[in-house]
Amino acid sequence: MVPKSIGFLHPFLSNRITSSFFTISSMLTYSTQPNLKSDSICGLSHDAIINTSLQSQLLEQSLHSFKLMVLKGYCPSSFSFNNVLGLLAKSGNLDRTWWFFTEFLGRSHFDVYSFGITIKAFCENGNVSKGFELLAQMERMGMSPNVVIYTILIDACSKNGDIEQAKVLFSKMDDLGLVANQYTYTVMINGFFKKGYKKDGFELYEKMKLVGVFPSLYTYNSLINEYCKDGKLSIAFKLFNEMSTRGVSCNVVTYNILIGGLCRKRQVSKAERLLEEMKQAHINPTIRTFNLLMDGLCNTGKLEKALSYFEKLKLIGQSPTSVTYNILIAGFSKAGNSFVVSELVREMEDRGISPSKVTYTILMDAFVRSDDVEKAYQMFHLMKRIGSVPDQHTYGVLIHGLCMKGNMVEVSKLYKSMVEMHLEPNDVIYNTMINGYCKECNSYKALKFLEEMIKKGVTPSLASYGFTIEVLCNEGKLTEAKHLLKEMIEAGLKPSESLYSKVGYAKSCA
């Protein structure tokens with residue numbers, strides 16, 4: 001019979017019973033006394049103490065109870081082992097989780113779930129290889145991994161971009177007679193989509209339905225997101241309606257995906273109606289919902305309406321983020337409304353939100369658009385002084401402004417600065433610089449950057465090829481012009497008739 005004191009454990013641990021005599025230590029001491037008649041009672045008492053401690057989220061107390069139980073020669077149940085292990089994993093301390101697993105694996109009962117908890121902990125921390133080591137250890141011990149363990153590993157491989165390994169695991173499950181569940185299919189579908197293998201993802205979804213596994217909320221969200229990204233809104237909404245038919249309740253993520261998809265297609269009125277439908281379904285919009293809608297309104301020039309939603313979100317207790325402010329600052333900057341931009345920046349700082357590099361880049365872009373490159377350059381130096389590190393896009397905005405002004409000396413300095421910071425110029429930056437050098441008839445620099453692009457596997461734009469060929473022709477460098485024209489055609493770009501004529505004219509004059 002279990003000691004009656006165990007019935008008082010949870011009230012005691014929840015601070016509903018207090019006594020200087022009645023403590024966890026005294027209970028542990030009592031339950032490990034040598035004069036107790038039954039070892040099984042002692043073990044059960046300890047298990048109860050451990051599990052009740054866990055119910056009260058008392059990790060240290062549970063761990064202490066577990067260690068004391070082992071030191072007294074008792075073998076805790078797999079239930080207790082897994083409970084302590086799970087709480088350690090949940091705490092995020094991987095080293096401590098691993099210590100507990102290795103220290104007590106052979107000194108307590110354990111099962112397949114013990115390995116599952118540990119494999120998940122390592123995979124969530126990015127150490128997938130350790131997850132596979134534990135899988136191999138299980139198999140050497142004669143244990144059969146279950147669907148959950150395979151799903152954890154498939155998910156980890158998919159998130160790491162190793163879709164081939166995920167496919168191997170998925171096939172192996174079938175060989176072992178393990179039936180993939182909703183979550184297994186969903187993580188595999190997500191893996192295909194992440195890698196850009198859309199056809200494989202949609203085919204797996206069809207197979208999932210054929211074998212009688214019904215899509216979950218997360219499966220639908222994944223599919224709807226992919227269709228929205230492709231601009232196939234009619235199919236996305238067909239799946240949205242199918243959810244209701246199948247009795248799958250959508251969540252705020254589902255609505256956010258659809259609102260974002262509608263806004264990207266500039267169907268902002270429909271997005272607003274969907275927001276109202278969302279409220280009627282008693283699903284509260286998040287700050288992301290408002291951000292998506294405000295971005296759509298700003299991109300369609302409906303700035304006042306975007307501001308009205310900004311005020312609404314504050315009224316209902318939502319806190320604007322740096323993303324919220326950046327969306328509005330970008331919208332009003334493009335419209336040339338410097339007064340509202342200034343007010344937004346002031347309010348942002350009053351709320352204790354520091355302008356991010358995105359904010360600075362947006363403001364720099366606004367100055368460039370208003371032909372005030374000098375102010376943009378000042379903003380760039382201010383950004384660096386306060387410790388905000390410019391990124392590729394920041395450099396691109398400023399290089400574009402300087403090229404427009406024909407200030408290629410400063411462009412060259414910025415390019416060197418990018419190289420020193422190990423920032424790789426993208427195709428937009430390269431093409432902007434090439435066009436800038438062509439405007440000042442510097443074929444040497446234009447050709448140098450064009451060749452650098454090709455060497456890095458980046459295809460120059462039609463304009464970059466065209467302008468460089470024209471400058472080479474004007475300088476009488478006919479061999480180089482002809483060679484570049486040939487490269488252009490081989491790259492799959494079609495030169496204009498005027499460009500053919502230019503090279504032909506240059507040849508005849510040579």
What does the C-alpha gyration tensor say about the overall shape of the range 377-510? Classify as rounded when a/c is under 1.5, otherwise prolate if a/b is larger than b/c, or oblate.
prolate
Give the cross-link partners of LYS448 among the lysines, using a straight C-alpha distance below 18 Å as the criterion and excluding same-chain residues fewer than 8 apart.
LYS413, LYS416, LYS439, LYS456, LYS477, LYS482, LYS486
For the range 416-460, run through the trypsin sites (Lys or Arg not before Pro) and keep only the ones in DSSP coil with at most 13 other Cβ atoms within 10 Å of their Cβ.
LYS456
Cα long-axis angle, helix 392-405 against the chain (0 to 90 degrees, to the nearest 10)
10
How high is the relative contact order of the range 120-273, in percent, with contacts defined as C-alpha pairs under 8 Å that are six or more residues apart?
14
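If I take R0 = 22 Å and measure r between the Cβ atoms of PHE339 and ARG266 in this structure, what FRET efficiency does the formula 1/(1 + (r/R0)^6) give, to the nearest 0.05?
Details: r = 27 Å, r/R0 = 1.20.
For R0 = 22 Å, the calculated efficiency reads 0.25.
Relative contact order, percent, of the range 339-445 when contacts are C-alpha pairs under 8 Å separated by at least 6 residues? Walk me through the intermediate numbers first.
On the way: 86 pairs, mean separation 22.6, N = 107.
Here the relative contact order equals 21 percent.
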Out of (1) 62; (2) 57; (3) 46, which label holds the value of percent of Cα pairs over 34 Å apart that was computed here?
(1)
How much net charge surrounds LYS445 when only the other residues with a Cβ under 12 Å from the Cβ of LYS445 are counted, with Lys and Arg +1 and Asp and Glu -1?
-1
Separation in nanometres of the label points that stand 7 Å from Cα toward Cβ, at GLU347 and HIS483:
5.8
Starting from the Cα of ALA136, step 7 Å along the direction of its Cβ; do the same at LYS413; then give the gap between the two resulting points in nm.
5.6
Along the Cα-to-Cβ line of PHE214, 7 Å from the Cα, sits a label point; which residues in the range 234-250 have backbone N less than 20 Å from it?
238-250
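Keeping every protein chain in place, order TYR309, TYR183, TYR74 by accessible area at 1.4 Å, biggest value first, i.e. largest first. Show your work: numbers first, answer last.
Numbers: TYR309 10, TYR183 120, TYR74 40 Å².
Greatest to least solvent exposure: TYR183, TYR74, TYR309.
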Contact order normalised by residue count of the range 417-464, Cα under 8 Å, 6+ apart, percent:
37
Arrange the peptides 262-272, 323-333, 425-435 so that the one whose residues have, on average, the most other Cβ atoms within 10 Å appears first.
323-333, 425-435, 262-272
How large is the dipole of the range 188-263 about the Cα centre if only Lys and Arg carry +1 and Asp and Glu carry -1, each at its Cβ, rounded to the nearest 20 debye?
100
Nonlocal Lys pairs with alpha-carbon distance under 17 Å, the range 255-365 (8 or more apart, or different chains):
10
So how exposed is HIS483, as accessible area in Å² (1.4 Å probe, rounded to 10)?
110
In degrees from 0 to 90, rounded to the nearest 10, what is the angle of the helix 303-315 Cα long axis to the longest principal axis of the chain?
20
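Hey, with R₀ at 51 Å, roughly what FRET efficiency would ILE454 and HIS109 work out to, going by the Cβ-Cβ distance, to 0.05?
On the way: r = 64 Å, r/R0 = 1.26.
Given R0 = 51 Å and the Cβ-Cβ separation, E is 0.20.
To the nearest 20 debye, what charge dipole does the chain have about its Cα centre, counting +1 at the Cβ of each Lys and Arg and -1 at the Cβ of each Asp and Glu?
460
Relative to 2.2 N^0.38 Å, what does the C-alpha radius of gyration of the range 326-385 come to as a ratio? Two decimals please. Let's see the in-between values first.
Numbers: Rg = 10.9 Å, N = 60, 2.2 N^0.38 = 10.4 Å.
Scaled against compact globular proteins, the figure is 1.04.
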How far apart, in nanometres, would the label points at MET421 and TYR444 be if each is projected 7 angstrom from Cα along the Cα-to-Cβ direction?
2.8
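The values are calculated or read from the model by the stated rules, or taken from the named source; none is laboratory data. From a predicted model like this one, the values you see are computed outputs, not experimental measurements. For neighbour counting, all protein chains shown are included, and Cβ atoms are generated from backbone atoms with ideal geometry for every residue, glycine included. The area values use the complete protein model at the heavy-atom level, side chains included, leaving out ligands, DNA and RNA. Shrake-Rupley method; radii C 1.70, N 1.55, O 1.52, S 1.80 Å.
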